[in-house]
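The values are calculated or read from the model by the stated rules, or taken from the named source; none is laboratory data. None of these values were measured; they are calculated from a predicted model. Cβ atoms come from the backbone with ideal geometry, glycine included; neighbour counts cover every protein chain shown.
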Amino acid sequence: MHVTMIKKELADGSPCKKCIQAEEVLRRRGLWEQIDEVVFAKEADPASLGMQLAARHHVELAPFFLVKEGEREVVYTSVIELMRERLASPMSAPPPAVVNGSAKAQPNGEHPTDAEVVELNQRFAAAEPLAVVDWVLARYGESAAIAFSGAEDVTLIDMAASTGHRFSVFTLDTGRLHAETYRFLDRVRKHYGIEIVTLFPAHVAVESLVRKKGHFSFYEDGHGECCGIRKVEPLQRALSGYRAWLSGQRRDQSPTRTAVELFQLDRAHRGATGPLLKSNPLARTSLGDVWEYLRERQAPTNELHDRGYISIGCEPCTRASRPGEHERASRWWWEESTKRECGLHTHLVPEADYKI
Ligand code: SF4
């Protein structure tokens with residue numbers, strides 16, 4: 001087998017960022033030695049070998065990999081798939097996710113202090129999201145969990161898988177999600193070969209709510225009660241087994257998220273040993289950045305996005321976005337914009353309640 005990596009050189013002579021990232025991933029996992037040859041696709045030179053290979057194999061993405069076995073040539077546009085399918089190493093498979101949210105031994109997940117959080121925000125002020133994800137997972141391993149529901153979270157999972165560190169993923173199944181969302185969750189699970197721990201609401205609370213108020217009480221008295229039962233309580237249960245969590249929040253996502261930091265000490269939830277370190281690696285990115293990343297990585301996405309949905313939650317509380325509308329306007333649209341949060345990212349537990 002002969003593996004060629006085709007890197008892009010931009011028209012101004014600068015290297016392609018994604019190509020550098022892919023090489024870093026391979027080096028981190030000890031797989032770089034298995035790349036036999038590197039050739040360049042120079043945008044300014046259509047006759048360069050890399051450009052010829054891209055044209056011959058109808059590839060428009062960079063980097064890509066050409067695996068030759070005898071006369072057979074196979075193209076990979078995803079370094080993750082290449083590692084998973086062709087490169088021999090115990091680290092070539094994506095790290096398995098932790099089961100049941102139980103905190104296992106992890107690299108050195110010391111409890112974070114306020115001072116450390118301030119220092120982290122300064123240190124990573126200009127860093128790429130991948131560097132933030134890498135730092136969290138290097139420190140916490142599978143005691144850090146990605147809270148997964150939407151496009152931003154796939155970005156985090158993709159980055160996490162590329163770091164080579166162990167990590168956990170959980171999702172909250174409210175029982176009111178679109179069928180498309182369930183298919184999306186399954187595609188993500190298979191694409192990355194990960195386990196996604198799924199938390200359901202406490203059935204007694206759901207049964208009581210529905211018995212008293214029916215299935216759509218949130219249209220009449222607000223979404224707080226239903227979200228509290230179907231999202232907030234299961235989130236607390238999920239987080240109780242971890243020391244850190246990663247969320248896909250962006251500052252420009254909502255008027256309620258403009259102050260989101262890269263790192264926060266989460267006093268809203270009790271983690272395995274007290275407050276959790278909460279990291280929002282995408283805080284400074286935009287919706288466009290997220291989609292550019294997902295397209296470049298050919299990552300799985302929710303098919304509802306093709307039908308005009310931007311921010312996707314439960315079926316009765318989400319509608320397709322209208323032209324020019326802010327992405328968050330399609331969630332709980334009958335309520336004020338400052339109330340369009342489900343309670344997952346607010347502070348609920350008084351600091352004094354912690355027993356660290
Ligand atoms: S988003 Fe709607 S259906 Fe889902 S938990 Fe909240 S109120 Fe209930």
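Results, tabulated for the structure shown:
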| item | result |
| --- | --- |
| Any hit, segment 302-315, residues being among the aliphatic types (A, V, I, L, M) and either farther than 18 Å from Ser149 by Cα or modelled with pLDDT of 95 or more (or both) | yes |
| Total residues in segment 168-182, condition more than 29 Å from Tyr140 (Cα to Cα) and in a loop (DSSP other than H, G, I, E, B) | 4 |
| Failed item, numbered, when Thr171 is tested on (1) within 16 Å of the ligand (Cβ to nearest atom); (2) of a type in the set (S, T, N, Q); (3) farther than 15 Å from Ala147 by Cα; (4) surrounded by 15 or more Cβ atoms within 10 Å (Cβ to Cβ) | (3) |
| Selected residue (criterion: nearest to the ligand (Cβ to nearest atom)) from residues of segment 277-325 that are within 18 Å of the chain's Cα centre (by Cα) and assigned to a strand (DSSP E or B) | Lys278 |
| Extreme residue, nearest to Thr163 (Cα to Cα), among residues of segment 22-34 that are surrounded by fewer than 18 Cβ atoms within 10 Å (Cβ to Cβ) and either modelled with pLDDT of 95 or more or of a type outside the set (Asp, Glu) (or both) | Arg28 |
| Subset of segment 235-254 [more than 16 Å from the ligand (Cβ to nearest atom) and among the hydroxyl-bearing types (Ser, Thr, Tyr)] | Ser240, Tyr242, Ser247 |
| Contacts under 6 angstrom Cβ, first residue in segment 169-182 being in the same structural domain as Val197 (by TED's automatic domain parsing) and at negative phi, partner surrounded by fewer than 19 Cβ atoms within 10 Å (Cβ to Cβ) and among the aromatic types (Phe, Trp, Tyr), 6 or more apart | Asp173/Phe200 |
| Number of positions in segment 205-234 that are within 12 Å of the ligand (Cβ to nearest atom) and either in contact with a strand residue (DSSP E or B) (Cβ under 6 Å, 6 or more places away or on another chain) or of a type in the set (Ser, Thr, Tyr) (or both) | 4 |
| Some residue of segment 190-200 being more than 17 Å from Ile157 (Cβ to Cβ), within 16 Å of the ligand (Cβ to nearest atom) and without any contact (Cβ under 8 Å) to a residue 24 or more places away in the chain | no |
| Condition met for Ser143 (closer than 30 Å to Glu296 by Cβ, of a type outside the set (D, E, K, R) and in contact with a Gly (Cβ under 6 Å, 6 or more places away or on another chain)) | yes |
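Rundown of residues vs (1) in contact with a helix residue (DSSP H, G or I) (Cβ under 8 Å, 6 or more places away or on another chain); (2) at pLDDT 85 or above; (3) crowded, with 20+ Cβ neighbours inside 10 Å, yes/no style:
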{"position": "Met5", "(1), (2), (3)": "yes, yes, yes"}
{"position": "Cys16", "(1), (2), (3)": "no, yes, no"}
{"position": "Glu37", "(1), (2), (3)": "no, yes, no"}
{"position": "His58", "(1), (2), (3)": "no, yes, no"}
{"position": "Val75", "(1), (2), (3)": "no, yes, no"}
{"position": "Glu81", "(1), (2), (3)": "no, no, no"}
{"position": "Pro90", "(1), (2), (3)": "no, no, no"}
{"position": "Pro95", "(1), (2), (3)": "yes, no, yes"}
{"position": "Ser102", "(1), (2), (3)": "no, no, no"}
